[in-house]
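What follows is a set of notes on a single structure, which appears directly below.
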Amino acid sequence: MSQDTQSSITAQEYISSQNALEKQARELMPYDPNTCTYSMGSIRQQIYACLTCLEKTNQLSGVCYSCSIQCHHDHNLIELFTKRNFNCDCGTTRTQFPCSLRSNSKDDLPSNDNIYNQNYKGIFCDCSKPYNPLEEKSNMLQCIFGDQCNEDWYHDYCIMGLDHYDVDDTNHDDNDKSVNKLDSLGEPEQDAQTQLEKNLQNNDSIGDKRKQDDNPDDQDSEPVLNGFPNLDDFDCFICWKCINHHKPIFDKIKLNNEIVLTTVDKITSKSLIERNEIIKSNTNSLLHKKRKIDYDYSIFLKHNHEENFTYLYNTTTDQEIKSFLQTHPHLLKDEPIYEPPQDESDDDNSSIYDLGARAINNLPRDKAIEGVQAYQNIKDKLKEFLKPFAKDGKIVGEEDVKGFFENIKK
Ligand SMILES: [Zn+2]
Ligand SMILES: [Zn+2]
Ligand SMILES: [Zn+2]
Ligand SMILES: [Zn+2]
Ligand SMILES: [Zn+2]
């Protein structure tokens, strides 16, 4: 803004850009945050783990969307996305924190249905790492089955049994190029394993298996690990931990290619060493023994898997499968995710904007947040200041702006 009208903005222009920013904030936090879901009981909903309350009470807890904004906005929250069968802990003895949306919440007891896995401590996956959206390069997937992992999230590389994800090839040397155990996962008994065995024999660190992407043209596309299914090609996945708990059933289900897109073996150094032991102990029936190795595997389900699970349920004569599907009905039709009512208000003084913006501060989402944050800091003052200009359609000049900031300093 300067006295030169060419580079000044009118209050009207400023208000338009303000509205655009507020729209952005609403898109990140689109719901009306005025109802705690506690009274709805155990439902499938968006849950936020509160690490501040954990520190204070030494008890794991999860709170609903509204409570994350209204009651725990200045706490350290971890977004867990959806969990099934979960009831908000805000205001109960778990958080020991009065819920501002429920009166007398201090008398409310936490639900016995709630199950707390490591996610409620802010850690995820088999490798138990915290999630940092600004640093995380790999794709993370939530297990849709969840009865062993409680709907945990997994790194794609951990699903494959790799130690770490590394598509950054800035400090590799040429020797690394031969190291790609994922090339032939479709034929897990052959090349990929031979490669891994070689590495084991060479005493190579098993962690040094990076995916090489030698094609610079691919830089823009989302990197998917070699041997990992394309993210668009499947709907969801079931982790090896949940599968191992129902192994005979999933060994049958994985053969149904109406339901299953593919399976991914978790080939670790440990499973290869075990395999070598078996081969050593009986070289005569090597081929036979090779087939007996059971790798842990994860299943990737097709987009229409619910429909086809339902068809399987209705038509199968296999009583084992039938009763399995009966006890896991969410495979046939998943429970809808509870959504709080949409925030319909267009009023830029509405609670959703201000509270949402505050809550966003505690939820690392994206770079856009930084903008919203910075903007929030001066929004109210600037709005007051610009009101008279907007009224008269007057142009905001340099002196006006200087005056405004001097006033703020005072
Ligand atoms: Zn709540
Ligand atoms: Zn809290
Ligand atoms: Zn609350
Ligand atoms: Zn992991
Ligand atoms: Zn699982």
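Straightening the chain between GLU307 and LYS247 buys 19.4 nm, computed as 0.36 nm per residue apart minus the Cα-Cα spacing.
Note that region 38-121, at 4 °C in a medium of 1.567 mPa s, gets a Stokes-Einstein diffusion coefficient of 106 µm²/s from its Kirkwood radius over C-alpha pairs.
Each label was represented as a point 7 Å from its Cα along the Cα-to-Cβ direction; for PHE405 and GLU79 these points are 3.2 nm apart. The label point for GLN12 and the one for SER39, both projected 7 Å from the Cα toward the Cβ, are 4.7 nm apart. Using +1 at the Cβ of each Lys and Arg and -1 at the Cβ of each Asp and Glu in region 38-121, identify which of ASN117, THR93, ILE69 lies farthest towards the dipole's positive end. Of ASN117, THR93, ILE69, it is ASN117. Proximity of backbone amide H atoms, modeled 1.01 Å from N, is registered between ASN114 and ASN87 at under 5 Å, excluding neighbours fewer than 5 places apart on the same chain. Multiplying the residue separation of THR52 and GLU344 by 0.36 nm and subtracting their alpha-carbon distance yields 102.0 nm.
Here, each number is a calculation from the coordinates, and none is a lab measurement. Since the model is a prediction, treat every value here as computed from it, not as a measurement. Positions of Cβ are generated from backbone atoms using ideal geometry, with glycine treated the same way; all protein chains shown enter the neighbour counts.
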